[in-house]
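Remarks on the structure that follows.
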Amino acid sequence: MRILVSNDDGIFAPGIKILAEKLATEHEVYVIAPDRERSANGHALTLNKPLRAEEVNIFDGVKFACHVNGTPADCVKLAIGAILEEMPDMVISGINRGQNMGTDIMYSGTVSAAMEGTILGIPSIALSLASFSDVHYETGAEFALKLANELATKELPSKTLLNVNIPAIPADQVKGVKITKLGVHKYTDIFEKRTDLRGKHYYWFAGESLEYQDEEDTDIVAVKKGYISVTPIHYDLTNYEFLNDLKNWDVNIKDKIEVKK
Ligand code: MN
């Protein structure tokens, strides 16, 4: 199987190397990833400057690797639209340094790289390690290979990707795998106000993760308990339950506005 690997921590991050080299033991792997860290860039695209892709030779066993001066979504779009000669069978993004659970996915470049794959019609997986220390990536890489092989024999519903979070523990201590829903990942949104040398104020975002009692079947609780969490997510953000109620709102402006003649 041809697998496109990307991430948002940049091509030189340890997580992508362990992931790509593990997948390359069984598959044809192409790595196309940002040339620097692009965490929390969400699904941003670069429209106002040229994108440059430069080949690198830092991965064992992969077919081809290059870094791009763009965002994670740029990398996947460019890879599929211009760089790769054939469509990949799968897009796998990660392994991210730090979890992407609950509301994190709205900001995550890791998830957006996989989501771009999904938008382009390719089965995709996002993988994140629930730690900001570079530990136990091999647990995630091992699982990525297993999940990719399983996904190759299955079909995902349209617009859907798999969001995986790995507890930061050695593989032999992982309790198992839980299929979960997104929890609510809360942060203390603290901005530190400082003063620069010219007396002007500036701000540093210094949000920290909050301990939060979430529901039992969420990604957050599963990972906290030592399970690998797999959440099916989709990019159709329509609230179908509410859609019909909204139709009853009085928002028709045609009969409200007097047309001046
Ligand atoms: Mn990241």
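The values are calculated or read from the model by the stated rules, or taken from the named source; none is laboratory data. Just so it is clear, the structure is predicted and the values come from calculations on it, not from any experiment. Positions of Cβ are backbone-derived with ideal geometry, glycine not excepted, and every protein chain shown enters the neighbour counts. When the accessible area is computed, the model is the full protein with side chains, heavy atoms only, and any ligands, DNA or RNA have been set aside. Shrake-Rupley method; radii C 1.70, N 1.55, O 1.52, S 1.80 Å.
More than 25 Å from THR139 (Cβ to Cβ) and either exposed (fewer than 10 other Cβ atoms within 10 Å of the Cβ) or touching a residue at least 40 places away in the same chain (Cβ under 8 Å) (or both) - does that describe any residue in region 214-233?
First pass over region 214-233, keeping only residues more than 25 Å from THR139 (Cβ to Cβ): none.
No - not one qualifying residue is present in region 214-233.
Take the residues of region 1-10 that are in contact with a Phe, Trp or Tyr (Cβ under 9 Å, 6 or more places away or on another chain) and open to solvent by less than 10 Å² (accessible area, probe 1.4 Å): which is farthest from the ligand (Cβ to nearest atom)? If you could, list the steps in order and put the result at the bottom.
Just the residues of region 1-10 that are in contact with a Phe, Trp or Tyr (Cβ under 9 Å, 6 or more places away or on another chain), to begin with: 2-5.
Imposing the further condition that a residue be open to solvent by less than 10 Å² (accessible area, probe 1.4 Å) reduces the set to 3-5.
On the way: ILE3: 20, LEU4: 18, VAL5: 14 Å.
Once the filter is applied, the top-ranked residue is ILE3.
Could you check ILE233 against (1) of a type outside the set (S, T, N, Q); (2) in a loop (DSSP other than H, G, I, E, B); (3) touching a Leu at 6+ places or on another chain (Cβ under 8 Å) and say which number it fails?
Going through (1) of a type outside the set (S, T, N, Q); (2) in a loop (DSSP other than H, G, I, E, B); (3) touching a Leu at 6+ places or on another chain (Cβ under 8 Å) one by one, ILE233 breaks only (2).
Among the residues that make up region 194-207, is at least one of them within 30 Å of PHE132 (Cβ to Cβ), of a type in the set (Lys, Arg) and open to solvent by 100 Å² or more (accessible area, probe 1.4 Å)? Spell out how you get there, then give the answer.
Taking region 194-207 first, the residues within 30 Å of PHE132 (Cβ to Cβ) are 194-196, 201-207.
Retained after the next criterion (residues that are of a type in the set (Lys, Arg)): 194.
Keeping just the survivors that are open to solvent by 100 Å² or more (accessible area, probe 1.4 Å) gives none.
There is no residue in region 194-207 that is within 30 Å of PHE132 (Cβ to Cβ), of a type in the set (Lys, Arg) and open to solvent by 100 Å² or more (accessible area, probe 1.4 Å).
So, ASP134, is that one open to solvent by 10 Å² or more (accessible area, probe 1.4 Å), among the acidic types (Asp, Glu) and within 16 Å of the ligand (Cβ to nearest atom) or not? Reasoning before the result, please.
Values: open to solvent by 10 Å² or more (accessible area, probe 1.4 Å): yes; among the acidic types (Asp, Glu): yes; within 16 Å of the ligand (Cβ to nearest atom): yes.
When the stated conditions are applied, ASP134 passes them.
Which one of GLY98, GLY94 is in contact with a Phe, Trp or Tyr (Cβ under 7 Å, 6 or more places away or on another chain), within 16 Å of the ligand (Cβ to nearest atom) and on the phi > 0 side of the Ramachandran plot?
So the residue among GLY98, GLY94 that is in contact with a Phe, Trp or Tyr (Cβ under 7 Å, 6 or more places away or on another chain), within 16 Å of the ligand (Cβ to nearest atom) and on the phi > 0 side of the Ramachandran plot is GLY98.
Which one is surrounded by the most Cβ atoms within 10 Å (Cβ to Cβ) among residues in region 18-38 that are part of a strand (DSSP E or B) and free of Cβ contacts under 8 Å to residues at least 40 places away in the same chain? If you could, list the steps in order and put the result at the bottom.
Step one: filter region 18-38 for residues part of a strand (DSSP E or B), giving 28-34.
Next cut, free of Cβ contacts under 8 Å to residues at least 40 places away in the same chain only: 28-29, 31.
Working: GLU28: 16, VAL29: 25, VAL31: 28.
So the residue we want is VAL31.
Condition first: open to solvent by 30 Å² or more (accessible area, probe 1.4 Å) and closer than 16 Å to ASP8 by Cβ. Now tell me which residues in region 78-87 satisfy that.
LEU78
For residues that are away from the ligand (no atom under 13 Å from the Cβ) and under 15 Å from LEU19 (Cβ atoms), tally how many sit in region 101-125.
3
State yes or no: is GLU116 of a type in the set (Asp, Glu) and open to solvent by 10 Å² or more (accessible area, probe 1.4 Å)?
On the way: of a type in the set (Asp, Glu): yes; open to solvent by 10 Å² or more (accessible area, probe 1.4 Å): no.
Answer is no for this residue.
Return the residues of region 39-77 that are within 16 Å of the ligand (Cβ to nearest atom), part of a loop (DSSP other than H, G, I, E, B) and either touching a residue at least 40 places away in the same chain (Cβ under 8 Å) or open to solvent by 30 Å² or more (accessible area, probe 1.4 Å) (or both); say none if nothing qualifies. Explain how you work it out, then say what you get.
Start the filter on region 39-77 by keeping residues that are within 16 Å of the ligand (Cβ to nearest atom), which leaves 39-44, 67-68, 70-76.
Keeping just the survivors that are part of a loop (DSSP other than H, G, I, E, B) gives 39-44, 70-71.
Selection gives SER39, ALA40, ASN41, GLY42, HIS43, ALA44, THR71.
Among the strands (runs of 3 or more DSSP E) lying completely within region 88-183, list those that include at least 3 residues that are farther than 14 Å from VAL5 by Cβ. Lay out the reasoning, then the answer.
Values: elements: 90-97, 124-129, 160-166, 176-179.
Hits in region 88-183: 160-166, 176-179.
So which residues in region 202-230 are in a loop (DSSP other than H, G, I, E, B) and at pLDDT 85 or above, if there are any at all?
Residues of region 202-230 in a loop (DSSP other than H, G, I, E, B): 206-207, 210-217, 225-226.
If the condition is that a residue be in a loop (DSSP other than H, G, I, E, B) and at pLDDT 85 or above, then GLU215, GLU216, ASP217, LYS225, GLY226 are the ones that fit.
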